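The values are calculated or read from the model by the stated rules, or taken from the named source; none is laboratory data. All figures in this text were calculated on a predicted structure; none of them were measured in a lab. Counting neighbours? That spans all protein chains shown, and the Cβs are built from the backbone with ideal geometry, glycine included.
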Amino acid sequence: MTNDPEPALRSSCPITMMMNMMDKAGVNSGFQQRHIRRTAFGRVWMGSLVVGVLLAALALLHNMLVLSLLRDDMSSNHASTTSELASACAMGSTHLDCLGVGVSPFVVLTVTSKRTSSSSFDRHGGLLLQGDDSNDRTPWYRSISECVDHHVDCAAGADRNGCAMFPNTVLRRCPASCKVCNNVHDNNRVISNCYGVDQIIPSKGPHTNDTVQRIAETEDYMFQQVYVDEKYNETRAHCKNRYDDCALRAVVGKCETRKYYMLTGCAPSCFTCEMLDIKVRCPFDPTTAAPSTWQPGDLNRMFERIVDAPEYKGNNVRVLSSPASYQKRDSLGSVNDGPWLIILEDFLSPEECNRLIQWGHRIGYTPSVAVGNTLNFDGSAVMTNTSLRTSGTVWCQTQCSLDPIVANIQQRLVDLTGIPDLNSESPQLLRYEQGQYYRLHTDYHGLLKDRQPGVRVLTVFLYLNNVESGGGTHFPFLGDLVIQPKQGRIVLWPSVLNNFPDDVDNRTMHQALPVEAGVKYSVNSWFHQRDWKGPIERNCHQ
């Protein structure tokens with residue numbers, strides 16, 4: 001039976017307060033759109049509105065005070081015992097710790113007792129947790145005598161992440177909706193929880209018992225640390241298992257071997273909720289970080305070295321744009337002072353071009369995405385599908401990057417630019433079909449300026465085939481320059497300024513014009529100021 005608070009208290013209940021904040025945050029937005037005439041009536045009306053806003057603010061402060069009192073009251077009134085849990089299990093509760101009830105011995109682990117590394121299923125598939133609860137108090141979440149919600153808005157509050165946003169109150173008032181109890185389903189093979197998707201337990205194999213043990217340990221970690229320690233204030237609401245086999249993956253060691261997605265995607269099971277804060281996961285101190293690849297002046301020096309190299313003299317290299325200092329040195333006439341943009345012909349052989357095209361088809365092209373203006377729960381940039389970019393994309397990683405032909409291309413790019421391979425992203429293979437394009441953009445990634453990899457400083461663009469019609473690369477701020485695709489051709493341009501190599505140079509903004517006939521295959525090769533491959537292992541690369 002649900003126990004509803006007194007009506008006078010409901011408006012100050014944490015769940016109601018949470019829903020009010022979520023649903024009514026924009027209550028005055030409609031008024032802001034109206035034109036208020038400057039008359040005596042209008043001034044009186046505005047004065048009333050101000051008074052109303054002040055009263056609403058006072059009410060909110062009152063609710064916050066009541067929330068604090070409720071939280072303190074709950075903290076002092078939820079002491080429970082092991083016998084209460086046993087009674088609940090006997091009444092049919094399906095909480096995780098009831099899996100082994102009915103099989104002796106069954107001991108509930110407590111706040112301070114230590115779990116052993118071993119656990120086992122009983123003949124019904126229940127979990128036998130081994131431990132010693134002497135002189136300990138059973139945590140409240142392991143001793144819920146009646147699995148019911150205590151507020152009419154519990155279900156809606158849980159749907160809106162209230163269990164994680166207000167753990168000290170909502171979790172206790174809404175154990176059913178927050179899945180604190182009645183969380184074992186499907187013949188003990190699926191366990192639900194309030195911190196992510198339901199976790200599956202393998203029906204057979206060597207990791208069954210360890211997976212259940214990990215789920216129990218995760219529950220303790222979340223309730224005894226994440227939901228009570230202030231250091232998790234910034235990450236608590238987003239600390240969720242985002243895969244249904246996080247517990248199993250943690251058991252087999254992937255928290256250590258697959259950090260780039262496990263530390264954030266399975267943070268509860270890996271006990272790494274603090275890592276959702278990118279400042280904790282990816283600390284960057286410019287005073288102690290490794291030196292940037294390009295210091296002021298290095299950009300010009302790299303391009304001058306390339307265009308002056310004997311192997312690129314003649315028809316193999318063409319300078320389409322350059323700074324005035326280089327033009328004056330070579331007496332090329334009075335041309336506008338521009339950024340560097342050069343072409344190298346026949347850098348790739350037909351065999352190399354075809355191999356990259358083959359890898360793209362083998363891996364499988366997917367719709368291209370672009371860097372968005374918002375952040376993910378872990379501080380990384382949101383990658384979004386957008387009508388600004390309609391091509392197909394695939395990253396040349398693992399087997400593709402280890403292909404001897406591909407590896408040779410990458411090494412030649414490193415030798416050409418003088419930038420370490422660690423600073424380069426994996427090659428991005430592109431396919432533009434008829435009518436596809438990429439609107440005006442820059443390759444510069446400003447979010448990374450104060451992060452470990454640093455910004456993209458250089459683009460090397462590789463053309464893998466000849467296109468029947470269209471598909472050129474257009475630089476509108478360089479005299480409407482358009483470079484047509486040609487097999488084996490590569491184009492180099494910087495995304496940053498020579499004297500300020502961490503700052504964007506918008507003059508190299510460009511767009512991929514629509515393919516009018518045929519298909520265009522090409523490759524993006526981007527180089528960063530600092531090591532990019534190391535940070536990707538910790539999901540610190542974007």
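At a glance:
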quantity	calculated
Top-ranked residue in the range 141-172 [being of a type in the set (D, E) and either in contact with a helix residue (DSSP H, G or I) (Cβ under 6 Å, 6 or more places away or on another chain) or at pLDDT below 85 (or both); ranked as farthest from H207 (Cα to Cα)]	D153
For Q511: the one exception among (1) touching a Cys at 6+ places or on another chain (Cβ under 8 Å); (2) in a strand (DSSP E or B); (3) not charged (D, E, K, R)	(1)
Those residues of the range 460-487 which are in contact with a helix residue (DSSP H, G or I) (Cβ under 8 Å, 6 or more places away or on another chain) and over 13 Å from K520 (Cα atoms), in sequence order	V460, F475, F477, L478
Enumeration of residues in the range 213-234 that are surrounded by 14 or more Cβ atoms within 10 Å (Cβ to Cβ) and of a type in the set (A, V, I, L, M, F, W, C)	I215, A216, M222, F223, V226
Selected residue (only one of G418, G470 is at positive phi, buried (at least 20 other Cβ atoms within 10 Å of the Cβ) and touching a residue at least 24 places away in the same chain (Cβ under 8 Å))	G470
Failed item, numbered, when K254 is tested on (1) closer than 26 Å to A381 by Cβ; (2) at pLDDT below 95; (3) among the basic types (K, R)	(2)
Elements of type helices (runs of 4 or more DSSP H) in the range 251-323, at least 1 residues being among the charged types (D, E, K, R)	254-257, 259-265, 278-281, 298-308
Single residue of the range 173-212 satisfying the filter (assigned to a helix (DSSP H, G or I) and modelled with pLDDT under 90) that is farthest from V252 (Cα to Cα)	R173
Residue ID - farthest from the chain's Cα centre (by Cα), chosen from residues in the range 141-160 that are under 11 Å from C178 (Cβ atoms) and part of a helix (DSSP H, G or I)	Y141
Cross-chain or 6+ apart pairs with Cβ under 6 Å, the range 344-366 first and charged (D, E, K, R), then modelled with pLDDT under 95 and surrounded by fewer than 19 Cβ atoms within 10 Å (Cβ to Cβ)	E345/N316
Residue check for N209: touching a residue at least 12 places away in the same chain (Cβ under 8 Å) and farther than 30 Å from D531 by Cβ	yes
Test for K204: is it under 20 Å from T264 (Cα atoms) and among the basic types (K, R)	no
Conditions (1) within 19 Å of L388 (Cα to Cα); (2) touching a Leu at 6+ places or on another chain (Cβ under 8 Å); (3) of a type outside the set (D, E, K, R); number of the one not met by G488	(1)
Where a residue in the range 394-407 is assigned to a loop (DSSP other than H, G, I, E, B) and its partner, wherever it lies, is surrounded by 16 or more Cβ atoms within 10 Å (Cβ to Cβ) and not hydrophobic (A, V, I, L, M, F, W, C), with Cβ under 6 Å and at least six apart	C396/S426; C396/P427; Q397/S426
Test: residue in the range 430-442 that is farther than 27 Å from L513 by Cα and in contact (Cβ under 8 Å) with a residue 12 or more places away in the chain	no
Candidates G534, G518 - the one that is at pLDDT below 95 and either at negative phi or surrounded by fewer than 23 Cβ atoms within 10 Å (Cβ to Cβ) (or both)	G534
Selection from the range 412-470 of residues that are small (G, A, S) and assigned to a loop (DSSP other than H, G, I, E, B)	G418, S426, G435, G454
Residue identified as modelled with pLDDT of 95 or more and closer than 25 Å to Y312 by Cβ among Q511, Q484	Q484
Filter pass, T116 being β-branched (V, I, T), surrounded by fewer than 18 Cβ atoms within 10 Å (Cβ to Cβ), at pLDDT below 85 and assigned by TED's automatic domain parsing to the domain that holds K204	yes
